[in-house]
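Step one of this worksheet: look at the structure below.
The values are calculated or read from the model by the stated rules, or taken from the named source; none is laboratory data. Note that the structure is predicted; figures quoted are calculated from it, not measured. Using ideal geometry, Cβ is built from the backbone for each residue, glycine included, and neighbour counts are taken over all protein chains shown. Please note that ligands, DNA and RNA were not included when accessible areas were found on the heavy atoms of the full protein model with its side chains. Shrake-Rupley method; radii C 1.70, N 1.55, O 1.52, S 1.80 Å.
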Amino acid sequence: MFTRNKVQAACLQVNRAHLAAADPQGVVINSGVANAATGEQGHANAVATAEHAAAALGLAAEQVLVLSTGVIGVQLPLDRLLAGVDAAVGALSPDGGADAAAAIMTTDTKPKEVAVAGDGFTVGGMAKGSGMIHPDLATMLAVLTTDYPLTADEATAQLRPAVDTTFNAISVDGDCSTNDMVLLLANGASGIERTAATDAAFTAALHEACADLSRQIVADGEGVTVLAEITVEGAADGAQAKAIARRIATSPLVKTALFGHDANWGRVLMAAGSAPYNGGYAEIDEGRATLAYNGTVVYERGTPTGVEPDVSGPSCTIALELGLGAGSASYLTSDLSLDYVRINGDYRS
């Protein structure tokens, strides 16, 4: 799964060509330089990275995917990067996952890993992401692996819905990156006999792994002090529910209120009522709407309750019931803090 940003890093352009030609057998990730908006030289550097790694691993270049994260508009220091590839290949180990998860961090404060054990198979993964986090995907890289047997088409069919309800339902700052990618590699090494029941179990395990990594990313967002879960129910349909949840989750006014531990619920209604949808706004009837913070109803069917909820903790739930239909959606978001401004104000320096 790739970012939908129209400005796409060189690694994504190269990966699309490689995936059309072969099944991936290796992944190379660099942090510090995004290799986006770097022209023909950036594209050549991404190709050279894949070719160098392939030669070291005994693979065809098309079997290697390249992921980059960091500052946009800067050329890769190719001599340092290729030397790093050689060092990494020499250090490859079944015990190297934690080192890899730490190596790809940028402004992350901690590595992000997950392992979900199924009955006879495992789904594991690592991710990085802290800022420029907003669907569709973000400055976020995630690599998931499994020993469950899947064809390439089946892996895509499994990954797409898992990403849609997890990685594509989180936001830290509303900015959609040029470099996002989520990969799922399946080698079939478990030897498990596939049935409808094992397929369902794998689907659940993959979703659990993606959800876990997504939550880790938001919780470790740049300057984050509050993790908030937005739920919208009773919307006219699912698409409108997602549009409303996304608008609430990305509202600077909602996010700054979260930072101040202020249940300023009027900002939530404001955001919900201005959720872009099909060239206009998603359907809302304020007379039917009910809003609650941490389970405490602050607005019920068009009338304030006068009750002040406790939002003093490091997490918060905001639940909006619209009373219009069966549509529902959820989003994970965070506060917008002074530290976020500080981190991004001098990111390059």
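Which of the helices in the chain meet the span-like rule: DSSP H, Cα axial reach of 15 Å or more, Kyte-Doolittle mean at least 0.0?
10-21, 39-57, 78-90, 196-219, 238-250
Note on the chain: with neighbouring protein chains present and a 1.4 Å probe, carbon and sulfur make up 52 percent of its accessible heavy-atom surface.
Structure remark: mean-square fluctuation, Gaussian network model of the chain, C-alpha springs under 10 Å; the largest value among Ala98, Ala219, Ala54 belongs to Ala98. A 1.4 Å probe, protein heavy atoms only, puts the accessible area of Asp108 near 10 Å².
Close amide-amide hydrogen proximity is noted between Tyr277 and Ala282, each under 5 Å apart and 5 or more residues distant or on a separate chain (H modeled in the peptide plane; Pro and chain starts excluded). Per-residue extension of 0.36 nm, minus the Cα-Cα distance of Thr156 and Gln75, leaves a gain of 26.1 nm for this segment.
Residues in the stretch 111-127 carry Karplus couplings, in order, of x, 10, 9, 8, 9, 10, 8, x, 7, x, 8, 9, 10, x, x, 9, 8 Hz; the curve used is 6.51 cos²θ - 1.76 cosθ + 1.60 with θ = phi - 60°, and Gly or Pro positions show x.
May I ask you to compute the full-extension gain from Arg4 to Asn264, defined as 0.36 nm times their residue separation minus their alpha-carbon distance, rounded to one decimal in nm? Walk me through the numbers before you get to the answer.
Numbers: separation 260, 0.36 × 260 = 93.60 nm, distance 3.25 nm.
Extra length available between Arg4 and Asn264 comes to 90.3 nm.
Summarised in one figure, the compactness ratio Rg/Rh of the stretch 222-320, Cα atoms and Kirkwood Rh, is 0.95. Ligands, DNA and RNA are left out, and with a 1.4 angstrom probe the accessible area of the chain is 44 Å² per residue.
Determine, from the Cβ-Cβ distance of Glu308 and His43 and an R0 of 45 Å, the FRET efficiency 1/(1 + (r/R0)^6), rounded to the nearest 0.05.
Given R0 = 45 Å and the Cβ-Cβ separation, E is 0.20.
For Ile170, the residues whose amide H sits under 5 Å from its own are Leu332, ignoring neighbours fewer than 5 places away on the same chain, with H placed 1.01 Å from N. Other residues whose C-beta falls under 15 angstrom from the C-beta of Ala235 contribute a net charge of -2, scoring Lys and Arg +1 and Asp and Glu -1.
Taking amide H as placed 1.01 Å from N in the peptide plane, the amide H of Leu185 sits under 5 Å from that of Leu144, Thr145, Thr146, each at least 5 places away or on another chain. Cα convex hull, the stretch 35-127: 125 Å³ per residue, rounded to a whole number.
Write down Rg/Rh for the chain, rounded to two decimals, with Rg from the C-alpha atoms and Rh from the Kirkwood relation over Cα pairs. Rg divided by Rh gives 1.00.
Calculated [222 nm] ellipticity per residue, helices only, for the chain: -11000 deg cm²/dmol; basis is -39500 (n - 2.57) per DSSP H run with n ≥ 4, divided by all residues, nearest 500.
For the stretch 190-257, the extents of the C-alpha atoms along the principal axes are 52, 34, 11 Å, listed from largest to smallest. Rg and Dmax, both from the Cα atoms of the stretch 57-209 and both in Å, are 16.4, 49. Given the stretch 142-265 reduced to its alpha-carbon atoms as identical point scatterers, what log10 I(q)/I(0) does the Debye formula return at q = 0.20, 0.22 Å⁻¹? Values returned for q = 0.20, 0.22 Å⁻¹ are -1.16, -1.29. In a fully extended conformation the segment linking Thr296 and Glu208 would gain 28.9 nm over its present Cα-Cα distance, using 0.36 nm per residue.
With the highest mean first, a sort of the peptides 59-65, 307-313, 332-338, 242-248 on other beta-carbon atoms found within 10 angstrom per residue produces 242-248, 332-338, 59-65, 307-313. Modelled this way, with points 7 Å down the Cα-to-C-beta line, the labels at Asp99 and Ala189 are 1.7 nm from one another.
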